[in-house]
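Have a look at the structure below before the remarks.
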Amino acid sequence: MDALTKNDIVENIVMNLGISHKEAYDGVETFLEIIKENLEKGEDVSLSGFGKWSVRSKRERRGRNPKTGEEISITPRRVVSFSLSNVLRAKLEGKK
């Protein structure tokens with residue numbers, strides 16, 4: 001199973017809405033930019049019926065280099081996490 005790409009989404013929009021490739025591409029790019037800008041500001045992004053992206057801070061912690069076994073310090077960082085909506089979770093589990 002291949003991954004869905006940005007180009008696949010654009011092509012699907014072109015086929016379903018009958019708009020130009022450029023209009024579909026610009027729309028997808030704008031949508032993704034809005035999501036990125038809000039996540040960069042540390043704000044959550046929630047799409048009803050789909051899920052929610054959240055930014056969380058991870059503290060500094062101890063780790064181990066898997067190749068050498070050497071103990072290392074992993075620096076603090078911000079990560080994006082995604083949680084499914086109950087609607088999408090139910091669909092993936094085959095429930096309605």
Problem set entry | Residue order, fewest to most surrounding Cβ atoms within 10 angstrom, among 8, 2 | 2, 8
Seminar exercise, completed: XL table 22/52; 36/58; 6/41; 22/91; 67/91; Cα-Cα > 30 Å flagged, in table order, is 22/91; 67/91
Exercise. What angle do you read, to the nearest 10 degrees and between 0 and 90, between the alpha-carbon axis of helix 6-17 and the longest principal axis of the chain?
Worked result: 20
For this session: Amide H neighbours of residue 85 under 5 Å, at least 5 residues apart or on other chains, H built in the peptide plane: list them.
Result: 50, 51, 52
Exercise. By how many degrees, between 0 and 90 and to the nearest 10, does the Cα long axis of helix 21-40 differ from the longest principal axis of the chain?
Worked result: 30
Seminar exercise, completed: Residue separation between residue 2 and residue 70 times 0.36 nm, minus their alpha-carbon distance, gives in nm 20.8 nm
For this session: Arrange the following residues from fewest to most other Cβ atoms within 10 Å of their Cβ: 93, 60.
Result: 93, 60
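By how many nm would the segment from residue 91 to residue 26 grow when fully extended, if each residue of separation counts as 0.36 nm and the alpha-carbon distance is taken off?
Full extension of this stretch gives 20.4 nm more.
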Exercise. What is the Cα centroid distance between region 28-50 and region 60-96, reported in whole angstrom?
Worked result: 19
Problem set entry | Gained length - residue 59 relative to residue 41, 0.36 nm times residue gap less alpha-carbon distance | 4.6 nm
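No value in this document is a laboratory result; all are computed from the given coordinates. Predicted model, so just to flag it, every value in this text is computed and none were measured. Every residue, glycine as well, gets a Cβ built from its backbone with ideal geometry; the counts of neighbours run over all protein chains shown.
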